[in-house]
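Working notes for the structure below.
The values are calculated or read from the model by the stated rules, or taken from the named source; none is laboratory data. What you are looking at is a predicted structure, and each value in this text was computed from that prediction instead of being measured. Heads up, the Cβs are rebuilt from the backbone with ideal geometry, glycines too, and the neighbour counts pull from every protein chain shown.
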């Protein structure tokens, strides 16, 4: 029921004007064109209660910010783990390609991803949507969520097993999820401040669960509960 | 009248169903106001607004007025900055929250700067699409009655982009995460219909705020 309601709300969001269109043909004026992805004006509550991470509170937050600042000094990890290429945002040549030709030019809602576990107090901040390349192929499926203390993005990207990361080497490791090879990216602090991720290799692409403000055990639990239709 | 009653009942029902993140029950002892300014330009080179309030800058003016497109004059730089003017009900500089920046690593390229209260509660996000950080950052923000300027380099416009666009720029908008906070857009900045083609309005570094964000301290 929740899934059906979310799907139709997302469809409405796209039909009501969130769908980007191209600029004028041949227009090359700098700084114009494109637009934002679909999003809800009002987030939709999906789970009751509220998840409060261990770092929450004035003292914990102050310690977490200091620890995250210490992480900034460390070089970012780049390499291959479990067949998944990890690259940094500073290496433009290493960026994965999303479309064979051109870039994502439109979005449409979908319900290919389903979620077995979301933390208490999770709100959907966007509908679940696909980014479509000029040839109609799907570049990515994404849905964004949030709670009082955390943000969460769940995505599936067909194609190359490659993922950008902003974590130091000591935070990135190989693991398995549901018997599939995967990457584990720990948050900046053990209590969960900063970004963590679980990236799971499927035969045709990557499932990505990225959290901001959640302990890694929560991020992993979410990833273990995701099902992807036709992935 | 009937419409008003229906609307009122709908709002009560929405609140009862928990359609928004709940505000923790608390009595705040201070208030914070953050003015968000544009992400390009500097003290000697005005920022250039290249598309007024829009969701999609395409000459179709019926979409939501989500954000603004910015460049540096003559493409002299592709740097993206986060500019906040933080005022709070303190006579001297006091930490009122934090900002942490990171790339959204799924979907279209964008930088997300998360504003949190001192207890870690997410107030909202400043999003800069078509841009990427080179390294994530976290820092405390302080406020006082007279206000404190906070101007931080957070990343660069990205090219080529993974989502359709024409030329390097960044689209900036604010997304509220906690309904205990409030925000308002500056409607004196033109909309897409008022500023679309050949829209190169210059803006001084601290001349015109995009948003006013307000929240109580814990």
Query raised in the report: Can you name the number of the only condition in (1) part of a loop (DSSP other than H, G, I, E, B); (2) modelled with pLDDT of 95 or more; (3) surrounded by fewer than 23 Cβ atoms within 10 Å (Cβ to Cβ) that residue B:120 fails?
Result: (3)
Query - The one condition in (1) assigned to a loop (DSSP other than H, G, I, E, B); (2) buried (at least 17 other Cβ atoms within 10 Å of the Cβ); (3) at pLDDT 50 or above that residue A:61 fails to fulfil - result: (1)
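Is at least one residue of the stretch A:25-32 within 22 Å of the chain's Cα centre (by Cα), modelled with pLDDT under 95 and within 10 Å of chain B (Cβ to nearest Cβ)?
no
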Report summary line: When the stretch A:217-231 is checked residue by residue, the ones that are in contact with a strand residue (DSSP E or B) (Cβ under 9 Å, 6 or more places away or on another chain) and surrounded by fewer than 19 Cβ atoms within 10 Å (Cβ to Cβ) are A:224, A:225, A:227, A:228, A:229, A:231
Report task. Out of the residues in the stretch A:33-57 that are modelled with pLDDT of 90 or more and on the phi > 0 side of the Ramachandran plot, state the one that is nearest to the other protein chains (Cβ to nearest Cβ). Result -> A:57
Report task. Report yes if some residue within the stretch B:29-41 is within 11 Å of chain A (Cβ to nearest Cβ) and under 20 Å from residue B:204 (Cβ atoms); otherwise report no. Result -> yes
**Report entry** Checklist (1) closer than 30 Å to residue B:79 by Cβ; (2) within 12 Å of another protein chain (Cβ to nearest Cβ); (3) over 17 Å from the mean Cα position of the chain (by Cα) applied to residue A:79, failing item
**Finding:** (2)
Query raised in the report: What is the residue count in the stretch A:82-97 for residues that are within 11 Å of chain B (Cβ to nearest Cβ) and in contact with a helix residue (DSSP H, G or I) (Cβ under 9 Å, 6 or more places away or on another chain)?
Result: 2
Query raised in the report: Just to be sure, is residue B:131 crowded, with 18+ Cβ neighbours inside 10 Å, in contact with a helix residue (DSSP H, G or I) (Cβ under 9 Å, 6 or more places away or on another chain) and closer than 25 Å to residue B:203 by Cα?
Result: no
Query - Top-ranked residue in the stretch B:155-172 [being outside any loop (DSSP other than H, G, I, E, B) and surrounded by fewer than 24 Cβ atoms within 10 Å (Cβ to Cβ); ranked as nearest to the chain's Cα centre (by Cα)] - result: B:156
Report task. Examine the stretch B:31-41 for a residue that is part of a loop (DSSP other than H, G, I, E, B) and over 20 Å from the mean Cα position of the chain (by Cα), and state whether such a residue exists. Result -> no
Report summary line: Given the conditions (1) closer than 23 Å to residue A:59 by Cα; (2) facing chain A (nearest Cβ under 7 Å); (3) crowded, with 22+ Cβ neighbours inside 10 Å, every one holds for residue B:137 apart from (3)
Requested in this report: Report the residue count in the stretch B:188-211 for those that are surrounded by fewer than 15 Cβ atoms within 10 Å (Cβ to Cβ) and within 21 Å of residue B:62 (Cα to Cα).
Outcome: 5
Query raised in the report: Looking at this structure, is residue A:107 at pLDDT below 95, facing another protein chain (nearest Cβ under 10 Å) and not in a loop (DSSP other than H, G, I, E, B)?
Result: yes
